[in-house]
Amino acid sequence: MDLWFSETHETDLRMSCRVKQVLYHKKSKYQDVLVLDTLRFGRMLVLDGCVMTTERDEFVYHELIAHPALLACDNPKDVCVVGGGDGGTVREVLKHPSVERVVLAEIDQDVIDVCREFFPGHTTGLNDPRVEIQVGDGFEYLKQHPGDFDVILSDSTDPIGPGVVLFSAKYFDLAKSAMKQGGCFVTQAEGMWCRSHSAVSIRNELLNHFTNCEWYGAPIPTYPGGYWSFLIASDIIDFRESLDRNRQKLIEKTTKYYSAKLQAGLFSMPRFLLLEFENDLSH
Ligand code: SPD
C-alpha cells in the first residue's frame, strides 16, 4: 500500500513523506500523538498533525537549541528545558560537564513514554541522575522557581493553540525571573519561509524583556519550509563575543551539525530575513 503522511501548513503548503508503517496513534490528555516509520527520515513523532522530530534530522535542531546557549553561558550548572518531552534537547545539554541539574518540564507524560519506547536515541539522557522530570505546565513550573536557572531552553510546539502561551510576554517575564544573573534563554522561533513574521514578533517581544537577542537558523527538512530558526536572549551575555572555546572543542567532538566554524557565522542571517527585521522596525 502506498501510504503517505502530509503536514499542511496554513492553506497553501503541504509537505509529505512516504510511510512504511504507523507505529503508534492515540490521543493523549493534551494532543494527538502519532509515531510513523518513514522511508527517508526513519521514525517520526507527529503531535496534532505537526512533525516534531525524526530520527534522521533531529540532531540539527537539538544541537542548535542547546549548544550556543550553554557555550555562551559561564559555567552553566542548572538548566531547564520547557517542553522537549522527546528528550533530544536534554541529551545535548548533558554533554556539558559543568551541568549539575537538568529539569525537563513537559506537560504530556504520554509524549515522554512514547519517546522512551520509540526514540531510544533521543531519550538516552532521561535516566541520567542529573535529570529531574517534572510532568506539568512549564509556565507554572517557572513561576515556582525564581532565580533557579543558568539556561532556559524553550523546546515548544508551534505558537498555535496551547503552544501560544510559550511565546507570550507573560512567559518571557517568568523565564527572565526564573533565571540567575547572567543567565540566558533560547526559544525555537519557527520557520523562515512559513512563519518569519512569528520570529520577527517573538524577537521584538524578547527585546522588551532582555537587552541582547540574536536570531539564528538552520535547515531542518521535515519542518514546514525546511529552514528553522531560534532566538537567544540575555541581559548580560553578548552572544557575538562570549563563548567558552575549550568547552566548544569538547562539544564539537560529539556533534553532527554544530561546530566552531558554524558558530563563527551563526548570527549572520540571510539578507532577505534581515530586511524583514529592518522593515518591521521601521513601521
Ligand atoms: N513545527 C515544528 C516545531 C517543532 C518545535 N519543537 C520540536 C521539538 C523537538 N524536541
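Where a number appears in this text, it was derived from the coordinates with a stated rule and is not lab data. None of these values were measured; they are calculated from a predicted model. As a convention, Cβ positions derive from the backbone with ideal geometry for all residues, glycine included, and neighbour counts pool all protein chains shown.
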Q) Exactly which chymotrypsin sites (Phe, Trp or Tyr not before Pro) in region 31-93 are in a DSSP loop and have at most 10 other Cβ atoms within 10 Å? A) none
Q) Where is the GNM fluctuation largest for the chain (alpha-carbon springs, 10 angstrom cutoff): Gly121, Gly85, Gly191? A) Gly121
Q: Arrange the following residues from fewest to most other Cβ atoms within 10 Å of their Cβ: Ser168, Ser229.
A: Ser168, Ser229
Q: Return the FRET efficiency for the residue pair Leu39, Ser242: r is the Cβ-Cβ distance, R0 is 45 Å, and the value is rounded to the nearest 0.05.
A: 0.60
Q: Compute the distance in nm between two label points, each set 7 Å from the Cα along the Cα-to-Cβ direction, one at Arg56 and one at Phe277.
A: 3.2 nm
Q: With label points built 7 Å along Cα→Cβ from the Cα atoms of Thr11 and Lys249, find their separation and express it in nm.
A: 5.7 nm
**Q.** Fewest-first ranking of Asp2, Asp137, using other Cβ atoms within 10 Å as the exposure measure
**A.** Asp2, Asp137
Q) Can you give the charge dipole size of the chain about its Cα centre, rounded to the nearest 20 debye, using +1 on the beta carbon of Lys and Arg and -1 on the beta carbon of Asp and Glu? A) 700 debye
Q: Go through Val102, Leu64, Asn246 and say which Cα lies farthest out towards the positive end of the charge dipole of the chain; charges sit on Cβ, +1 for Lys and Arg, -1 for Asp and Glu.
A: Asn246
Q) Among Trp193, Trp228, Trp215, what is the fewest-to-most ranking by other Cβ atoms within 10 Å? A) Trp193, Trp215, Trp228
Q.
Cut-off 19 Å, label point 7 angstrom out along Cα-to-Cβ of Arg130: give me the residues of region 50-81 whose amide nitrogen falls inside.
A. 62-81
**Q.** Violating pairs (Cα-Cα greater than 29 angstrom) within the set Lys20/Lys261; Lys77/Lys253; Lys29/Lys143; Lys26/Lys176; Lys27/Lys95
**A.** Lys20/Lys261; Lys26/Lys176; Lys27/Lys95
Q: Report the full-extension gain for the segment Lys143 to His197: residue separation times 0.36 nm, less the Cα-Cα distance, to one decimal in nm.
A: 16.6 nm
Q. DSSP loop trypsin sites (Lys or Arg not before Pro) in region 1-80 with at most 11 other Cβ atoms within 10 Å of their Cβ, which ones?
A. Lys29
Q. Name the GluC sites (Glu not before Pro) in region 226-279 that are in a loop by DSSP and that have at most 15 other C-beta atoms within 10 Å, would you?
A. Glu241
Q. For Lys170, which aspartates and glutamates qualify as cross-link partners when the Cα separation must be under 15 Å and same-chain residues fewer than eight apart are set aside?
A. Asp137, Glu140, Glu205
(Q) For a bin width of 10 Å, list the pair-distance distribution of region 3-52 built from all Cα-Cα distances, rounded to whole %. (A) 26, 54, 19, 0
(Q) If I model a spin label as a point 7 Å beyond the Cα along the Cα-Cβ vector, how far apart are those points for Glu100 and Lys180 in nm? (A) 0.8 nm
**Q.** Selected from Phe230, Phe267, Phe210 as most flexible by GNM, with the chain as the system and alpha-carbon contacts under 10 Å
**A.** Phe267
Q: May I have the convex hull volume per residue, in Å³, for the Cα set of the chain?
A: 126 Å³
